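The values are calculated or read from the model by the stated rules, or taken from the named source; none is laboratory data. Everything numeric here is computed off the predicted structure, so don't read it as measured data. Here Cβ is always computed from backbone atoms with ideal geometry, including for glycine, and neighbour counts include all displayed protein chains.
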Amino acid sequence: VTVGDSPGGAVKGVQRYWENCGFSAVADELGIELVNFEKSGSVEISIDDRTYNIAKPVVDADVLINMCKFKTHGLCRLTNAVKNAFGAVPGLGKAIHHCNAIKPSDFAEILVDIYTVVEFDFHIMDAILAMDGKGPSTDGTPRWDGILGVARDGVCLDVVMTGLAGLDPRKLRTNRVALERGLGLDPGKIDVSGREDCVLEDFRVPGESFYNLLPSFLGGIARYVFKKPPVATDECIGCGVCARGCPVNAITIVNGKAVMNRKKCIMCLCCHELCPEHAVKIRIPLSRS
């Protein structure tokens, strides 16, 4: 048995993730190997006309279990089983995909691609301790919901959990793309076992910028005109994690503070996700639910 990952912000080392999430202690106790996908090698896998580098231990595994946390995300709105597959892409390969998919709809296509080629056998979603609000970093709020979701089909699990959060499952882009490709099942056809009163009460899902709903040629213009890049707050210590993690080099450290370049920023929100000081604030223009 091995446990592996390639988390965002690994420029500071994956060891802190193992320790903070409790994996190190469990691995030591049970003799489980912890694998850093940054150093394990990768395998090229193609789907349609796109190619992805997937961590070799993921490809070689006899049984692959997807362990994900139910939380909000500024770009994807919610990160569930499908989004968690992005961790199978080692290191800066993630940055390349962000560059190639500026709009959330394009990024959703990439996430479903990766979920498809990884071929998980089982999915476990932790909503015992979940997160709502403008997650997953600065403005996200941890909340105890006491729900654990398990399924053989990650898309079905995502559809059910999205509904429990009070959001129409098809309004989550990864759900919609997956269902359009014939993955998973329509919400009304999914067999759900467990307590019937499970619900994520008053769960705050981030809104979506209106220009992301426009046709590509209009969305690009609106994005440029109304774009509001993330900003560093007074809590910024100038550590540079955001600058090193930015896929388009849109961040520089000036006088000990992160400064975002509006023209370069593609609104991937990696800086918000990676900041260890929770010092990056996101602003979503023309937001709607």
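Quick notes on this structure:
- Those residues of segment 26-52 which are assigned to a loop (DSSP other than H, G, I, E, B), within 17 Å of residue 87 (Cβ to Cβ) and not basic (Lys, Arg), in sequence order: 37, 38, 40, 41
- Only one of 223, 170 that is at pLDDT 90 or above, more than 24 Å from residue 276 (Cα to Cα) and not in a loop (DSSP other than H, G, I, E, B): 170
- Where a residue in segment 179-193 is assigned by TED's automatic domain parsing to the domain that holds residue 155 and of a type outside the set (Phe, Trp, Tyr) and its partner, wherever it lies, is surrounded by 15 or more Cβ atoms within 10 Å (Cβ to Cβ) and assigned to a loop (DSSP other than H, G, I, E, B), with Cβ under 7 Å and at least six apart: 184/153
- Checking each residue of segment 252-261 against the condition of being under 24 Å from residue 104 (Cβ atoms) and either in the same structural domain as residue 98 (by TED's automatic domain parsing) or assigned to a loop (DSSP other than H, G, I, E, B) (or both) gives at least one match.
- Selected residue (criterion: farthest from the chain's Cα centre (by Cα)) from residues of segment 53-63 that are among the β-branched types (Val, Ile, Thr) and in a helix (DSSP H, G or I): 59
- If you go through segment 1-25 and keep only what is within 25 Å of residue 274 (Cα to Cα), at pLDDT 90 or above and assigned to a loop (DSSP other than H, G, I, E, B), you end up with just 22.
- Members of segment 108-157 found to be among the β-branched types (Val, Ile, Thr), part of a strand (DSSP E or B) and under 29 Å from residue 279 (Cβ atoms), listed by number: 128, 141
- Here residue 159 fulfils each of the conditions (1) surrounded by 13 or more Cβ atoms within 10 Å (Cβ to Cβ); (2) over 20 Å from residue 109 (Cβ atoms) apart from (2).
- Inside segment 39-62, residues that are closer than 16 Å to residue 97 by Cα, of a type outside the set (S, T, N, Q) and surrounded by 16 or more Cβ atoms within 10 Å (Cβ to Cβ) make up a count of 4.
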